[in-house]
Amino acid sequence: MDLERHDFQLDELIERIKANDNRLVALQIPEGLKMQALQMMDAIEDKTSAKIILAADPCYGACDLVHDKMSRMGVELVAHMGHSQMNIDSGMPTQFIDVTYDGDPSIDPVLPILAQHRAIAVNRLQAAQQESNLNDEEAQERFLDAVGRVAPLTGSKLGLVGSIQHLHLIFDYKERLEAAGYEVEVPVGGARLSVPGQVLGCNYSGDADDIGHYLFLGSGDFHPIGLVLHTGKPLAMLDPYSGDADEMSFKRIERILRQRFGLIMACDNAQSFGILIGSKPGQMRRTLALRMKRLLEKHGKKGYLLALEHIGPELIDFYPVDAFVNTACPRIAIDDSVRYSKPLITPFELEVALGEKQWETGYQFDEIP
Ligand code: SF4
(Lines give C-alpha, C1' and ligand atoms only; values in the text may rest on other atoms or scores of the structure.)
Protein backbone atom coordinates (compact mmCIF):
# COMPACT_ATOMS: atom_id res chain seq x y z
CA MET A 1 0.00 0.00 0.00
CA ASP A 2 1.33 3.45 -0.97
CA LEU A 3 1.07 5.22 2.39
CA GLU A 4 2.54 8.49 1.16
CA ARG A 5 -0.58 9.06 -0.90
CA HIS A 6 -3.03 8.29 1.91
CA ASP A 7 -4.43 11.04 4.06
CA PHE A 8 -5.04 9.89 7.64
CA GLN A 9 -7.29 12.61 8.91
CA LEU A 10 -6.21 12.75 12.56
CA ASP A 11 -6.72 16.51 13.12
CA GLU A 12 -10.41 16.28 14.00
CA LEU A 13 -9.66 13.48 16.48
CA ILE A 14 -6.86 15.47 18.11
CA GLU A 15 -9.16 18.51 18.47
CA ARG A 16 -11.91 16.36 20.03
CA ILE A 17 -9.50 14.77 22.51
CA LYS A 18 -8.23 18.22 23.52
CA ALA A 19 -11.73 19.73 23.78
CA ASN A 20 -12.96 16.87 25.99
CA ASP A 21 -9.66 16.55 27.84
CA ASN A 22 -9.84 12.77 27.27
CA ARG A 23 -7.18 10.82 29.17
CA LEU A 24 -7.62 7.32 27.73
CA VAL A 25 -8.51 6.73 24.08
CA ALA A 26 -8.79 3.44 22.18
CA LEU A 27 -7.60 3.39 18.58
CA GLN A 28 -9.11 0.79 16.24
CA ILE A 29 -7.41 0.30 12.88
CA PRO A 30 -8.17 -1.95 9.88
CA GLU A 31 -5.84 -4.88 9.29
CA GLY A 32 -4.13 -3.29 6.27
CA LEU A 33 -2.97 -0.28 8.31
CA LYS A 34 -1.86 -2.01 11.52
CA MET A 35 1.83 -1.69 10.58
CA GLN A 36 1.40 2.08 10.94
CA ALA A 37 -0.49 1.86 14.24
CA LEU A 38 2.41 2.70 16.55
CA GLN A 39 3.33 5.71 14.43
CA MET A 40 -0.24 7.02 14.73
CA MET A 41 -0.34 6.37 18.48
CA ASP A 42 2.85 8.47 18.80
CA ALA A 43 1.36 11.24 16.66
CA ILE A 44 -1.78 11.47 18.85
CA GLU A 45 0.08 11.20 22.17
CA ASP A 46 2.57 13.91 21.06
CA LYS A 47 -0.24 16.39 20.40
CA THR A 48 -2.57 15.62 23.32
CA SER A 49 -2.34 14.60 26.94
CA ALA A 50 -4.24 11.36 26.27
CA LYS A 51 -2.79 7.88 26.47
CA ILE A 52 -3.70 5.66 23.51
CA ILE A 53 -4.59 1.98 23.72
CA LEU A 54 -4.54 0.08 20.43
CA ALA A 55 -7.58 -2.20 20.17
CA ALA A 56 -5.41 -4.83 18.52
CA ASP A 57 -7.96 -7.57 17.79
CA PRO A 58 -8.73 -8.10 14.08
CA CYS A 59 -11.11 -5.46 12.68
CA TYR A 60 -12.73 -5.77 9.25
CA GLY A 61 -15.46 -3.14 9.35
CA ALA A 62 -17.42 -0.56 11.30
CA CYS A 63 -19.69 -3.49 12.26
CA ASP A 64 -16.91 -4.43 14.65
CA LEU A 65 -16.69 -1.34 16.89
CA VAL A 66 -14.98 -2.00 20.21
CA HIS A 67 -17.55 -1.60 22.91
CA ASP A 68 -18.08 -2.43 26.58
CA LYS A 69 -14.74 -4.16 27.13
CA MET A 70 -13.02 -0.81 26.46
CA SER A 71 -15.29 1.10 28.82
CA ARG A 72 -14.42 -1.48 31.49
CA MET A 73 -10.77 -0.49 30.91
CA GLY A 74 -11.66 3.15 31.55
CA VAL A 75 -11.49 4.23 27.89
CA GLU A 76 -13.44 7.46 27.32
CA LEU A 77 -13.38 7.65 23.52
CA VAL A 78 -12.98 5.16 20.67
CA ALA A 79 -11.21 6.37 17.52
CA HIS A 80 -12.21 4.09 14.64
CA MET A 81 -10.12 4.47 11.51
CA GLY A 82 -10.78 3.68 7.86
CA HIS A 83 -14.47 2.70 7.96
CA SER A 84 -17.49 4.96 7.88
CA GLN A 85 -20.25 5.23 10.42
CA MET A 86 -22.99 2.58 10.45
CA ASN A 87 -26.47 2.51 11.93
CA ILE A 88 -25.26 0.91 15.14
CA ASP A 89 -24.71 2.09 18.68
CA SER A 90 -21.73 0.48 20.35
CA GLY A 91 -22.49 2.23 23.64
CA MET A 92 -19.15 4.13 23.48
CA PRO A 93 -18.47 7.69 22.23
CA THR A 94 -16.81 7.06 18.86
CA GLN A 95 -14.90 9.27 16.45
CA PHE A 96 -14.71 7.91 12.89
CA ILE A 97 -11.47 8.84 11.14
CA ASP A 98 -11.55 9.01 7.35
CA VAL A 99 -8.65 7.69 5.32
CA THR A 100 -8.55 8.90 1.72
CA TYR A 101 -6.29 7.99 -1.17
CA ASP A 102 -5.40 10.57 -3.80
CA GLY A 103 -4.91 8.06 -6.69
CA ASP A 104 -6.74 9.42 -9.71
CA PRO A 105 -6.36 6.98 -12.65
CA SER A 106 -7.55 7.63 -16.20
CA ILE A 107 -10.84 6.03 -17.22
CA ASP A 108 -9.47 5.09 -20.68
CA PRO A 109 -8.51 1.46 -19.81
CA VAL A 110 -12.00 0.71 -18.50
CA LEU A 111 -14.01 2.19 -21.39
CA PRO A 112 -13.88 -0.91 -23.67
CA ILE A 113 -15.17 -3.08 -20.79
CA LEU A 114 -17.96 -0.60 -20.04
CA ALA A 115 -19.04 -0.61 -23.70
CA GLN A 116 -19.40 -4.42 -23.63
CA HIS A 117 -21.28 -4.32 -20.35
CA ARG A 118 -23.69 -1.67 -21.56
CA ALA A 119 -24.50 -3.88 -24.56
CA ILE A 120 -25.22 -6.81 -22.17
CA ALA A 121 -27.47 -4.54 -20.08
CA VAL A 122 -29.42 -3.35 -23.14
CA ASN A 123 -29.93 -6.95 -24.35
CA ARG A 124 -31.04 -8.06 -20.93
CA LEU A 125 -33.46 -5.17 -20.68
CA GLN A 126 -35.14 -6.40 -23.87
CA ALA A 127 -35.10 -10.06 -22.75
CA ALA A 128 -36.57 -9.13 -19.34
CA GLN A 129 -39.93 -8.47 -21.01
CA GLN A 130 -40.26 -12.15 -22.06
CA GLU A 131 -41.00 -14.03 -18.83
CA SER A 132 -42.14 -17.68 -19.04
CA ASN A 133 -43.00 -20.58 -16.71
CA LEU A 134 -39.91 -22.61 -15.82
CA ASN A 135 -39.67 -26.32 -15.16
CA ASP A 136 -37.45 -27.57 -12.27
CA GLU A 137 -34.38 -27.99 -14.42
CA GLU A 138 -34.76 -24.53 -15.95
CA ALA A 139 -35.31 -23.05 -12.48
CA GLN A 140 -32.06 -24.60 -11.22
CA GLU A 141 -30.29 -23.35 -14.36
CA ARG A 142 -31.51 -19.85 -13.56
CA PHE A 143 -30.18 -20.16 -10.02
CA LEU A 144 -26.73 -20.95 -11.40
CA ASP A 145 -26.80 -18.25 -14.06
CA ALA A 146 -25.02 -15.17 -12.74
CA VAL A 147 -26.42 -12.87 -15.40
CA GLY A 148 -29.70 -14.15 -16.80
CA ARG A 149 -31.47 -14.49 -13.48
CA VAL A 150 -32.01 -10.79 -12.80
CA ALA A 151 -35.41 -9.20 -13.24
CA PRO A 152 -36.94 -6.71 -13.37
CA LEU A 153 -34.62 -4.34 -15.18
CA THR A 154 -35.99 -0.97 -16.24
CA GLY A 155 -32.85 0.73 -17.55
CA SER A 156 -29.23 0.32 -18.58
CA LYS A 157 -27.57 3.13 -16.59
CA LEU A 158 -24.04 2.79 -15.30
CA GLY A 159 -23.94 2.54 -11.49
CA LEU A 160 -20.75 4.10 -10.10
CA VAL A 161 -19.62 2.77 -6.70
CA GLY A 162 -16.40 2.47 -4.76
CA SER A 163 -14.73 1.60 -1.52
CA ILE A 164 -14.65 4.27 1.15
CA GLN A 165 -11.13 5.65 0.64
CA HIS A 166 -11.88 6.58 -2.99
CA LEU A 167 -15.39 8.03 -2.65
CA HIS A 168 -14.18 11.64 -2.39
CA LEU A 169 -13.46 11.28 -6.14
CA ILE A 170 -16.77 9.68 -7.12
CA PHE A 171 -18.53 12.76 -8.52
CA ASP A 172 -15.42 13.75 -10.42
CA TYR A 173 -15.46 10.29 -12.06
CA LYS A 174 -19.19 10.63 -12.70
CA GLU A 175 -18.49 13.74 -14.80
CA ARG A 176 -15.67 12.02 -16.70
CA LEU A 177 -17.87 9.03 -17.51
CA GLU A 178 -20.75 11.26 -18.58
CA ALA A 179 -18.34 13.09 -20.89
CA ALA A 180 -17.51 9.64 -22.35
CA GLY A 181 -21.21 9.11 -23.19
CA TYR A 182 -22.54 7.17 -20.20
CA GLU A 183 -25.67 7.87 -18.21
CA VAL A 184 -24.26 7.52 -14.71
CA GLU A 185 -25.92 7.06 -11.36
CA VAL A 186 -24.11 7.21 -8.02
CA PRO A 187 -26.38 4.99 -5.89
CA VAL A 188 -27.37 6.11 -2.41
CA GLY A 189 -27.98 3.16 -0.10
CA GLY A 190 -29.73 2.60 3.22
CA ALA A 191 -28.83 3.47 6.80
CA ARG A 192 -25.83 1.10 6.95
CA LEU A 193 -24.09 3.24 4.30
CA SER A 194 -23.12 6.84 4.97
CA VAL A 195 -21.67 8.15 1.66
CA PRO A 196 -23.12 8.18 -1.90
CA GLY A 197 -21.59 5.41 -4.00
CA GLN A 198 -20.54 3.41 -0.95
CA VAL A 199 -20.79 -0.37 -0.92
CA LEU A 200 -19.96 -2.81 1.86
CA GLY A 201 -19.25 -6.51 1.67
CA CYS A 202 -22.70 -7.06 3.19
CA ASN A 203 -24.74 -4.18 1.79
CA TYR A 204 -25.48 -3.06 -1.78
CA SER A 205 -28.77 -1.36 -0.95
CA GLY A 206 -28.23 1.47 -3.45
CA ASP A 207 -28.88 -0.92 -6.35
CA ALA A 208 -31.86 0.12 -8.47
CA ASP A 209 -33.80 -1.45 -11.37
CA ASP A 210 -32.65 1.23 -13.82
CA ILE A 211 -28.97 0.41 -13.23
CA GLY A 212 -27.89 -2.13 -15.86
CA HIS A 213 -24.18 -2.41 -15.09
CA TYR A 214 -21.54 -1.16 -12.63
CA LEU A 215 -18.11 0.38 -12.32
CA PHE A 216 -16.31 -0.21 -9.03
CA LEU A 217 -13.57 2.22 -8.03
CA GLY A 218 -11.29 0.31 -5.68
CA SER A 219 -8.96 -2.63 -5.40
CA GLY A 220 -9.46 -6.31 -4.62
CA ASP A 221 -12.44 -8.48 -5.43
CA PHE A 222 -14.24 -8.56 -2.08
CA HIS A 223 -16.82 -5.86 -2.88
CA PRO A 224 -17.11 -6.77 -6.60
CA ILE A 225 -17.96 -10.41 -5.79
CA GLY A 226 -20.68 -9.35 -3.37
CA LEU A 227 -22.12 -6.77 -5.75
CA VAL A 228 -22.39 -9.20 -8.67
CA LEU A 229 -23.79 -11.96 -6.44
CA HIS A 230 -26.34 -9.49 -5.13
CA THR A 231 -27.38 -7.87 -8.40
CA GLY A 232 -26.38 -10.28 -11.18
CA LYS A 233 -25.22 -7.23 -13.16
CA PRO A 234 -21.95 -6.92 -15.10
CA LEU A 235 -19.25 -5.10 -13.17
CA ALA A 236 -16.05 -3.38 -14.34
CA MET A 237 -13.28 -2.44 -11.93
CA LEU A 238 -10.82 0.46 -11.98
CA ASP A 239 -8.02 0.19 -9.43
CA PRO A 240 -6.86 3.62 -8.17
CA TYR A 241 -3.61 2.11 -6.83
CA SER A 242 -2.43 0.60 -10.12
CA GLY A 243 -4.61 2.35 -12.73
CA ASP A 244 -5.55 -1.11 -14.08
CA ALA A 245 -9.00 -1.96 -15.40
CA ASP A 246 -10.62 -5.39 -15.22
CA GLU A 247 -14.02 -7.01 -14.85
CA MET A 248 -15.58 -9.46 -12.43
CA SER A 249 -15.86 -12.58 -14.51
CA PHE A 250 -19.28 -14.23 -14.72
CA LYS A 251 -17.50 -17.59 -14.74
CA ARG A 252 -16.11 -16.83 -11.32
CA ILE A 253 -19.55 -15.85 -9.99
CA GLU A 254 -21.06 -18.98 -11.52
CA ARG A 255 -18.38 -21.09 -9.80
CA ILE A 256 -19.41 -19.53 -6.48
CA LEU A 257 -23.10 -20.18 -7.24
CA ARG A 258 -22.30 -23.78 -8.14
CA GLN A 259 -20.54 -24.15 -4.79
CA ARG A 260 -23.55 -22.62 -2.99
CA PHE A 261 -25.83 -25.02 -4.90
CA GLY A 262 -23.66 -27.97 -3.74
CA LEU A 263 -23.81 -26.82 -0.10
CA ILE A 264 -27.61 -26.46 -0.23
CA MET A 265 -27.88 -29.96 -1.68
CA ALA A 266 -25.51 -31.26 1.03
CA CYS A 267 -27.98 -29.97 3.66
CA ASP A 268 -30.82 -32.01 2.17
CA ASN A 269 -30.71 -34.73 4.82
CA ALA A 270 -29.17 -32.66 7.61
CA GLN A 271 -31.21 -33.03 10.82
CA SER A 272 -29.32 -30.76 13.21
CA PHE A 273 -27.83 -27.31 12.64
CA GLY A 274 -25.65 -24.91 14.60
CA ILE A 275 -27.11 -21.41 14.10
CA LEU A 276 -24.28 -18.88 14.39
CA ILE A 277 -25.04 -15.47 15.94
CA GLY A 278 -22.30 -12.84 15.68
CA SER A 279 -21.89 -10.87 18.90
CA LYS A 280 -20.13 -7.89 17.22
CA PRO A 281 -22.49 -4.88 17.38
CA GLY A 282 -23.03 -4.54 13.62
CA GLN A 283 -23.29 -8.25 12.87
CA MET A 284 -25.74 -9.33 15.54
CA ARG A 285 -28.93 -10.68 13.91
CA ARG A 286 -30.68 -12.34 16.80
CA THR A 287 -34.16 -12.08 15.30
CA LEU A 288 -33.02 -13.77 12.10
CA ALA A 289 -31.27 -16.51 14.09
CA LEU A 290 -34.44 -17.17 16.11
CA ARG A 291 -36.49 -17.26 12.90
CA MET A 292 -34.08 -19.90 11.52
CA LYS A 293 -34.51 -21.95 14.68
CA ARG A 294 -38.31 -21.81 14.39
CA LEU A 295 -38.10 -22.70 10.70
CA LEU A 296 -35.97 -25.76 11.46
CA GLU A 297 -38.44 -26.82 14.17
CA LYS A 298 -41.31 -26.45 11.70
CA HIS A 299 -39.51 -28.96 9.45
CA GLY A 300 -38.85 -31.36 12.33
CA LYS A 301 -35.14 -30.45 12.59
CA LYS A 302 -33.02 -29.22 15.43
CA GLY A 303 -31.25 -25.82 15.62
CA TYR A 304 -28.74 -24.85 18.32
CA LEU A 305 -28.02 -21.12 18.79
CA LEU A 306 -24.27 -20.44 19.10
CA ALA A 307 -23.09 -16.87 19.83
CA LEU A 308 -19.51 -15.97 18.92
CA GLU A 309 -17.49 -12.77 18.48
CA HIS A 310 -15.02 -14.34 16.06
CA ILE A 311 -16.02 -17.29 13.90
CA GLY A 312 -13.56 -19.88 12.65
CA PRO A 313 -13.49 -23.63 11.93
CA GLU A 314 -11.53 -24.39 15.10
CA LEU A 315 -14.33 -22.80 17.15
CA ILE A 316 -17.31 -24.69 15.69
CA ASP A 317 -16.28 -27.74 13.62
CA PHE A 318 -16.31 -30.07 16.62
CA TYR A 319 -19.99 -29.57 17.53
CA PRO A 320 -21.97 -32.74 16.73
CA VAL A 321 -24.36 -31.12 14.25
CA ASP A 322 -24.76 -31.87 10.53
CA ALA A 323 -24.39 -28.29 9.24
CA PHE A 324 -24.22 -24.63 10.22
CA VAL A 325 -26.32 -21.65 9.23
CA ASN A 326 -24.59 -18.31 9.65
CA THR A 327 -26.33 -15.09 10.69
CA ALA A 328 -23.12 -13.14 11.52
CA CYS A 329 -21.07 -11.44 8.75
CA PRO A 330 -22.58 -12.88 5.54
CA ARG A 331 -19.15 -13.16 3.93
CA ILE A 332 -18.07 -15.88 6.38
CA ALA A 333 -20.40 -18.35 4.65
CA ILE A 334 -19.81 -17.04 1.13
CA ASP A 335 -16.02 -16.60 1.14
CA ASP A 336 -14.79 -19.06 3.77
CA SER A 337 -17.05 -22.11 3.65
CA VAL A 338 -14.28 -24.32 2.18
CA ARG A 339 -12.38 -23.93 5.46
CA TYR A 340 -15.15 -25.71 7.38
CA SER A 341 -15.58 -29.47 7.51
CA LYS A 342 -19.40 -29.24 7.51
CA PRO A 343 -21.70 -27.28 5.21
CA LEU A 344 -21.89 -23.60 6.22
CA ILE A 345 -24.84 -21.86 4.58
CA THR A 346 -26.68 -18.54 4.68
CA PRO A 347 -30.27 -18.11 5.98
CA PHE A 348 -31.62 -17.82 2.40
CA GLU A 349 -29.81 -21.02 1.46
CA LEU A 350 -31.38 -22.81 4.43
CA GLU A 351 -34.80 -21.64 3.24
CA VAL A 352 -34.06 -23.08 -0.21
CA ALA A 353 -32.81 -26.35 1.33
CA LEU A 354 -36.07 -26.61 3.33
CA GLY A 355 -38.21 -25.83 0.28
CA GLU A 356 -39.44 -22.52 1.72
CA LYS A 357 -37.85 -20.52 -1.13
CA GLN A 358 -37.80 -21.54 -4.77
CA TRP A 359 -34.77 -21.91 -7.05
CA GLU A 360 -36.31 -19.77 -9.77
CA THR A 361 -36.30 -16.65 -7.60
CA GLY A 362 -32.57 -16.67 -8.34
CA TYR A 363 -29.81 -16.45 -5.78
CA GLN A 364 -30.46 -14.00 -2.97
CA PHE A 365 -27.39 -12.50 -1.40
CA ASP A 366 -27.48 -12.39 2.39
CA GLU A 367 -27.57 -8.64 2.95
CA ILE A 368 -27.49 -6.91 6.35
CA PRO A 369 -29.81 -3.91 5.91
S1 SF4 B 1 -19.06 -7.50 5.18
FE2 SF4 B 1 -18.88 -8.36 7.21
S3 SF4 B 1 -17.04 -7.35 8.05
FE4 SF4 B 1 -17.73 -6.11 6.30
S5 SF4 B 1 -19.09 -4.55 7.19
FE6 SF4 B 1 -20.36 -6.29 6.55
S7 SF4 B 1 -20.60 -7.56 8.39
FE8 SF4 B 1 -18.87 -6.18 8.71
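Quick check: residue separation of SER272 and ALA127 times 0.36 nm, minus the Cα distance between them. What number comes out in nm?
Difference between extended and current length: 48.0 nm.
Solvent-accessible area per residue for segment 26-120 at a 1.4 Å probe radius, Å²?
45 Å²
I'd like to check one number: the per residue accessible area of segment 142-299, probe 1.4 Å, reported in Å² as a whole number.
So segment 142-299 comes to 38 Å² accessible per residue, rounded to a whole number.
By Kyte-Doolittle mean hydropathy of at least 0.0 and Cα axial length of at least 15 Å, which whole DSSP H helices of the chain are selected?
111-127, 250-266
How large is the convex hull of the C-alpha atoms of segment 209-284 per residue, in Å³?
149 Å³
In whole percent, and with a 1.4 Å probe on the protein chains, what portion of the accessible area of the chain is carbon and sulfur?
49 percent
May I ask you to compute the full-extension gain from ARG23 to ALA115, defined as 0.36 nm times their residue separation minus their alpha-carbon distance, rounded to one decimal in nm?
Stretched fully, the ARG23-ALA115 segment lengthens by 27.6 nm.
Would you mind computing Rg(Cα) / (2.2 N^0.38 Å) for segment 293-337, counting N as its residues?
It is 1.21.
Just subtract the alpha-carbon distance of ALA307 and MET265 from 0.36 nm times their residue separation and send over the number in nm, one decimal.
12.6 nm
On the Cα set of the chain, report Rg and Dmax in Å, please.
22.1, 70
Where Rh is the Kirkwood radius over the Cα pairs of segment 297-369, the temperature 20 °C and the viscosity 1.002 mPa s, what D in µm²/s does Stokes-Einstein return?
Rounded to a whole number, D works out at 161 µm²/s.
Among 94-104, 162-172, 304-314, how do they line up by average Cβ neighbours within 10 Å per residue, starting with the highest?
162-172, 94-104, 304-314
Could you tell me the calculated FRET efficiency between ALA56 and ASN135, based on Cβ-Cβ distance and R0 = 41 angstrom, to the nearest 0.05?
0.15
The values are calculated or read from the model by the stated rules, or taken from the named source; none is laboratory data. Note that the structure is a prediction, hence the values are computed from the model and not measured. Here Cβ is always computed from backbone atoms with ideal geometry, including for glycine, and neighbour counts include all displayed protein chains. Accessible surface is based on the protein model in full, side chains and every heavy atom, while ligands, DNA and RNA are left aside. Shrake-Rupley method; radii C 1.70, N 1.55, O 1.52, S 1.80 Å.
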